[in-house]
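Participant: Structure below; questions to follow.
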Amino acid sequence: MKNMQKINVVMLHLGEEQYPQEYLDNVAGELREQVGKMDCNLMGSYKIMCFADAEQVVEALKGKQVDLFILNFLSWHITPYVMHLLKDYRQTPLLIWGIGGTTDSTGKLHSPAAAAGITGFMPIAKEFGFKYKLILEKPDSKHEYAQVADYIHSVACAKTVRASRIGLIGYADMGLYPLSYDKKALFKKLGIDIEDYSGYEIANLMELFSEEKVKETMDWIRATTKAQNTISDKALEKVTRLYLAMKDKSDGRNLDAIAVKCVNGITKLGFNPCLAQSLLADKDVSVICECDAYGLVTSIILSTVTGNASAFVEHYEVFDKEILVGVCGFIPKDFIDGDFKIKASNLGEYNTGISNVSKMKTGEVTYGRFYNENGQFKLFLAHGNTKPNPKWTELGWAEPTPDFPAVMLEIEMPMQKYLEDVPGQHVIMVYGDYVEKVKTVCDLLDIEVVQ
């Protein structure tokens with residue numbers, strides 16, 4: 001995401017003052033050096049071997065923002081020492097990292113008893129409600145730096161999601177209930193605020209761009225896409241102006257996600273927004289149709305965790321173990337397999353816009369949907385595979401009908417259960433298996449995951 005947050009990390013090297021300090025210092029120094037190279041701001045590294053050490057760290061951290069504590073159990077540790085500090089940081093996640101013992105040349109295992117320190121600490125960590133990840137290394141094993149880096153990334157993702165900004169041009173297209181949202185509850189829960197802009201404002205903004213800017217952008221669109229039929233300058237100018245208006249609003253307000261009212265919005269101006277949104281959407285800006293606010297929250301989570309573009313698909317037809325999912329004219333460039341194809345298309349008497357008719361990539365996917373159920377925010381989350389779709393069309397489009405982006409999504413659960421549990425007509429998809437990584441971030445955000 002363009003606004004990816006870097007977190008402040010504090011390492012606490014926990015041990016016992018009666019153990020050999022030179023040995024513990026050497027281990028702590030090696031770990032500190034490696035964590036310092038990770039994608040974070042290592043703002044402090046402190047030894048806590050006694051109560052006096054803990055008091056000094058309390059003073060050192062006063063007034064500082066800590067996003068993650070790495071509790072580096074070098075050995076056995078008397079829990080009240082570290083809790084003297086942590087009792088005031090109950091909302092800060094913990095990476096609990098225990099170091100195994102070493103075997104000497106005679107085959108004797110020398111145990112610093114980090115396992116004792118950790119198992120003595122875990123009950124109070126749970127009692128206090130800390131969010132945490134536990135790593136306990138085996139004796140003589142390599143240090144789990146990859147796991148440490150992954151959790152630092154997860155905490156950064158959670159911080160980034162909380163700092164995200166969404167802009168909506170309109171509200172809940174067609175009055176559909178899954179597209180509605182509770183602005184205050186969302187802000188209270190995640191810190192995500194939603195700005196809303198009127199269609200009138202966007203329509204006026206569309207007209208403010210110079211003829212030179214519009215022509216330059218139209219030339220770029222024609223050069224980077226492959227038209228499947230005749231695209232008139234008049235039709236392309238309309239969608240170009242919408243693209244420029246949405247990009248101007250997104251850039252100007254530093255948005256992470258944006259959506260426009262489509263069926264009961266832009267199409268009333270005589271064209272659809274599909275191409276404009278396809279051009280705008282990527283890993284840095286999530287875009288969705290129909291002012292689907294919670295769909296955008298899902299997309300922000302998936303794109304933040306994966307670093308890839310995510311996009312919505314809609315259910316069209318159900319088979320025994322597969323669902324035909326697709327979109328009537330919109331996918332991000334990163335979802336396209338092959339050429340970026342566009343086509344002038346017509347649905348009814350007023351929608352004569354330009355559709356993205358590119359082929360969609362297939363393969364392993366993670367998909368889901370953020371939703372509010374009885375006042376509780378949850379994330380429906382699943383793993384699946386996609387394969388090529390049959391030739392199809394949505395009822396009502398004029399002949400020759402456009403070949404909309406679509407895939408066959410293989411469902412890894414009973415179809416009846418899926419249909420009853422999926423919380424909306426839109427699900428958000430990203431390529432790859434990221435279920436466990438998404439679950440970790442949702443745990444940090446206190447979002448219940450429903451699989």
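Participant: Using a basic spin-label model with each label point 7 Å from the Cα along Cα→Cβ, how many nm lie between Met83 and Thr102?
Facilitator: Label at Met83, label at Thr102, 3.2 nm between them.
Participant: Which three extents, in whole angstrom, do the alpha-carbon atoms of segment 77-221 cover along their principal axes, largest first?
Facilitator: 82, 38, 28
Participant: Tell me the mean residue ellipticity at 222 nm calculated for the chain from its helices only (DSSP H runs of n ≥ 4, each -39500 (n - 2.57), averaged over every residue, nearest 500).
Facilitator: So the calculated ellipticity at 222 nm is -10500 deg cm²/dmol.
Participant: Let me ask another. Can you report the principal axis dimensions of segment 298-451 using only the alpha carbons, biggest first, rounded to whole angstrom?
Facilitator: 48, 32, 29 Å, listed from the longest principal axis down.
Participant: Distance between the C-alpha centers of segment 14-82 and segment 331-409? Whole Å please.
Facilitator: The two parts, judged by their Cα centres, are 50 Å apart.
Participant: Quick one: dipole size for the chain, taken about the Cα centre, charges +1 on Lys/Arg Cβ and -1 on Asp/Glu Cβ, in debye to the nearest 20.
Facilitator: 460
Participant: Counting heavy atoms of the protein chains only and a 1.4 Å probe, report the per residue accessible area for segment 188-257 as a whole number of Å².
Facilitator: Result: 55 Å² of accessible area for each residue.
Participant: Along the Cα-to-C-beta direction of Ile124, a point sits 7 Å from the Cα; which residues of segment 75-114 have their amide N less than 13 Å from that point?
Facilitator: Under 13 Å, as judged by backbone N against the label point of Ile124, lie 77-89 of segment 75-114.
Participant: Which order do the peptides 233-245, 331-343, 282-294 take when ranked by the mean count of other beta-carbon atoms within 10 Å per residue, highest first?
Facilitator: Answer by packing, highest mean first, reads 282-294, 233-245, 331-343.
Participant: Could you tell me the calculated FRET efficiency between Met415 and Asp339, based on Cβ-Cβ distance and R0 = 25 angstrom, to the nearest 0.05?
Facilitator: Using R0 = 25 Å, I get an efficiency of 0.15.
Participant: Around Pro414, what is the net charge, scoring Lys/Arg as +1 and Asp/Glu as -1 over all other residues with Cβ under 12 Å from its Cβ?
Facilitator: With Lys, Arg at +1 and Asp, Glu at -1, the neighbours total -2.
Participant: Tell me, what % of the accessible area of the chain is carbon and sulfur with a 1.4 angstrom probe?
Facilitator: 50
Participant: What do you get for GluC sites (Glu not before Pro) in segment 176-218 restricted to DSSP loop and a cutoff of at most 10 other Cβ within 10 Å of the site's Cβ?
Facilitator: Glu207
Participant: Here's a follow-up. Once each part is reduced to its C-alpha centroid, what is the distance from segment 134-198 to segment 256-313 in angstrom?
Facilitator: Here the two parts' Cα centres lie 17 Å apart.
Participant: Could you list the GluC sites (Glu not before Pro) in segment 318-369 that lie in coil according to DSSP, counting only those with at most 16 other Cβ atoms within 10 Å of their Cβ?
Facilitator: Within segment 318-369, the qualifying GluC sites (Glu not before Pro) (loop, at most 16 other Cβ atoms within 10 Å) are Glu349.
Participant: Using the eigenvalues of the Cα gyration tensor, what equivalent ellipsoid semi-axes result for segment 83-137 when each is taken as the square root of five times the eigenvalue, whole Å, largest first?
Facilitator: So the equivalent ellipsoid measures 29, 10, 8 Å along its semi-axes.
Participant: Another one. Using 0.36 nm per residue, how much length does the chain from Val435 to Gln147 gain when fully extended, once their Cα-Cα distance is taken away?
Facilitator: Full extension from Val435 to Gln147 adds 102.1 nm.
Participant: In addition: Taking a threshold of 19 Å on the Cα-Cα distance, which of the pairs Lys133/Lys437; Lys213/Lys261; Lys184/Lys437; Lys159/Lys361; Lys133/Lys159 fall above it?
Facilitator: As for pairs spanning more than 19 Å Cα to Cα, those are Lys213/Lys261; Lys184/Lys437; Lys159/Lys361.
Participant: Work out, in µm²/s and without decimals, the Stokes-Einstein translational diffusion coefficient of segment 1-109 at 10 °C, 1.306 mPa s, Rh from Kirkwood over C-alpha pairs.
Facilitator: Rounded, D is 107 µm²/s.
Participant: Continuing with this model, one more query. Counting DSSP beta bridges with both partners in the chain, what percentage is antiparallel, nearest 5?
Facilitator: Around 50 percent of the beta bridges assigned by DSSP in the chain are antiparallel ones.
Participant: Show the residues, 5+ positions off or on another chain, whose built amide H is closer than 5 Å to the amide H of Gly353.
Facilitator: Long-range HN contacts for Gly353: Asn272, Ser345, Leu347.
Participant: Report the local net charge at Gln91: Lys and Arg +1, Asp and Glu -1, summed over other residues whose C-beta lies under 14 Å from its C-beta.
Facilitator: Taking every other residue near Gln91 into account, the sum is +2.
Participant: Compute the accessible area per residue over segment 326-389, keeping the other protein chains in place, probe 1.4 Å, unit Å².
Facilitator: Spelled out: the 1.4 Å probe surface of segment 326-389, per residue, equals 37 Å².
Participant: To continue, here is another question. What is the sum of charges around Ala52, taking Lys and Arg as +1, Asp and Glu as -1, for the other residues whose C-beta is under 12 Å from the C-beta of Ala52?
Facilitator: Value of the local net charge: -3.
Participant: I want to verify the translational diffusion coefficient of segment 148-290 in µm²/s; compute it with Stokes-Einstein, Rh as the Kirkwood radius over Cα pairs, at 4 °C and 1.567 mPa s.
Facilitator: For the chosen part, D equals 78 µm²/s.
Participant: Something else: For segment 299-366, count all C-alpha to C-alpha pairs, find those more than 15 Å apart, and express that count as a whole percent of the total.
Facilitator: 63
The values are calculated or read from the model by the stated rules, or taken from the named source; none is laboratory data. Everything quoted here is computed from the prediction, not taken from an experiment. Positions of Cβ are generated from backbone atoms using ideal geometry, with glycine treated the same way; all protein chains shown enter the neighbour counts. We work out accessible area using only protein heavy atoms, side chains counted, and drop any ligands, DNA or RNA first. Shrake-Rupley method; radii C 1.70, N 1.55, O 1.52, S 1.80 Å.
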